[in-house]
Amino acid sequence: MKESFIIALDGSAASGKSTLGCALAKKLNCLYLDTGVMYRAVTWAALHHHIDPTDEAAVSALAETIRLEILPPNENDGRQATILVDGTDITWEIRTPEIDAHVSLVSSYPGVRAVLTRQQRDIARRGSVVMVGRDIGTVVLPDADLKLFIEASVEVRARRRYEERIARGEPADYDAILAAMVRRDKLDREKPISPMVPADDAIIINTDNLSPEAVMSRALALLEEALSAKKERA
Ligand code: DC
């Protein structure tokens, strides 16, 4: 595929959107950005600097000053990218239940969103990209060539998260993960700015009963369709 393209992949936590996004980017040989890691990194930085996550002004100011780097994976430990904040590798530190518990609040701050949205748009200007998040098709890249909204039931998503934690050798409690996920979904959906909703022109894919391979072939077929329609319009 030679022409440049932008794919916006939105959806809830553990819906399968980052697995799909990463595989798509590999297959299409383009940049992959999971924007959730950026909100997680700001949350980590706040906790690391002993800033109260409920202190909106302090967290927003911090988002302006940290140096956030998202690099190709530098270790073969299952990571999709290496995440650095001011030079410290926090790739796995941003996946703890403590970060999960605070990240929705941090991501609801307009100041934090403004900083990260700007960085995300700058990244998309570099070339073809698969960008994953909650508001990519609605806010960050509304002109994306293909917008997919990935869904799965909360029970299936909690089970996936539980299995990921067990696979990493971390303690995991399915009921606690499920309860936290229900809570976070509600916060993400009801955020006054950039709530998690499909764009009007997004295609919704439910992954409950689909293998990652099936989701991938559907996404590739949809991209091909979208790009030929774009060519016809040009
Ligand atoms: O996809 P994730 O679980 O890593 O996302 C972490 C949090 O960041 C989640 O609560 C929603 C928020 N988020 C957001 O508000 N906008 C995005 N584009 C990506 C994530």
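The values are calculated or read from the model by the stated rules, or taken from the named source; none is laboratory data. Keep in mind that this is a model prediction, so the values were computed, not measured. FYI the Cβ positions are ideal-geometry reconstructions off the backbone, even for glycines, and counts take in every protein chain you see.
Cβ-Cβ distance below 6 Å, separation of 6 or more or different chains: which pairs start in segment 186-202 with a residue that is more than 9 Å from the ligand (Cβ to nearest atom) and end on one that is part of a loop (DSSP other than H, G, I, E, B)?
Listed pairs, sorted by first residue: Arg189/Pro195; Arg189/Met196.
If Val132 passes every condition in (1) within 10 Å of the ligand (Cβ to nearest atom); (2) assigned to a helix (DSSP H, G or I) but one, which one does it miss?
All conditions are met except number (2).
Output the residues belonging to segment 105-121 that are within 12 Å of the ligand (Cβ to nearest atom) and over 24 Å from Leu71 (Cβ atoms).
Hits for segment 105-121 are Leu105, Ser108, Tyr109, Pro110.
Among (1) within 24 Å of Asp135 (Cβ to Cβ); (2) part of a helix (DSSP H, G or I), there is one condition Tyr162 misses while meeting the rest; what is its number?
Here Tyr162 clears every test but (1).
For the list (1) modelled with pLDDT of 95 or more; (2) more than 16 Å from the chain's Cα centre (by Cα); (3) within 13 Å of the ligand (Cβ to nearest atom), I need the number of the one condition that Tyr174 fails.
(3)
Mind checking whether some residue in segment 192-212 is part of a helix (DSSP H, G or I), of a type in the set (A, V, I, L, M) and more than 12 Å from Val154 (Cβ to Cβ)?
no
Restricting the search to segment 57-78, which residues are within 16 Å of the ligand (Cβ to nearest atom) and either among the basic types (Lys, Arg) or surrounded by fewer than 14 Cβ atoms within 10 Å (Cβ to Cβ) (or both)?
Gly78
So which of Thr91, Thr54, Thr19 ends up being on the phi < 0 side of the Ramachandran plot, away from the ligand (no atom under 13 Å from the Cβ) and either of a type in the set (Val, Ile, Thr) or in a strand (DSSP E or B) (or both)? Write out each step before concluding.
Values: Thr91 fails: away from the ligand (no atom under 13 Å from the Cβ); Thr19 fails: away from the ligand (no atom under 13 Å from the Cβ).
Just one listed residue meets the conditions, Thr54.
With Ala41, Ala81, Ala13, Ala8 as the choices, which residue is among the small types (Gly, Ala, Ser), under 25 Å from Arg157 (Cβ atoms), surrounded by fewer than 21 Cβ atoms within 10 Å (Cβ to Cβ) and within 16 Å of the ligand (Cβ to nearest atom)?
Testing whether each residue is among the small types (Gly, Ala, Ser), under 25 Å from Arg157 (Cβ atoms), surrounded by fewer than 21 Cβ atoms within 10 Å (Cβ to Cβ) and within 16 Å of the ligand (Cβ to nearest atom) leaves just Ala81.
Scan (1) buried (at least 18 other Cβ atoms within 10 Å of the Cβ); (2) of a type in the set (D, E, K, R); (3) modelled with pLDDT of 95 or more for the single condition Asp100 breaks and write down its number.
It is condition (3) that Asp100 fails.
Considering each residue of segment 178-198, count those that are modelled with pLDDT under 95, among the hydrophobic types (A, V, I, L, M, F, W, C) and crowded, with 17+ Cβ neighbours inside 10 Å, and give that number.
3
Among the numbered criteria (1) more than 12 Å from the ligand (Cβ to nearest atom); (2) within 23 Å of Lys26 (Cβ to Cβ), which one does Asp143 miss?
Among (1) more than 12 Å from the ligand (Cβ to nearest atom); (2) within 23 Å of Lys26 (Cβ to Cβ), the lone unmet condition for Asp143 is (2).
Looking at Ala114, is it assigned to a helix (DSSP H, G or I), under 24 Å from Asp200 (Cα atoms), without any contact (Cβ under 8 Å) to a residue 24 or more places away in the chain and out of contact with any strand residue (DSSP E or B) (no Cβ under 9 Å at 6 or more places or on another chain)?
Yes: the conditions hold for Ala114.
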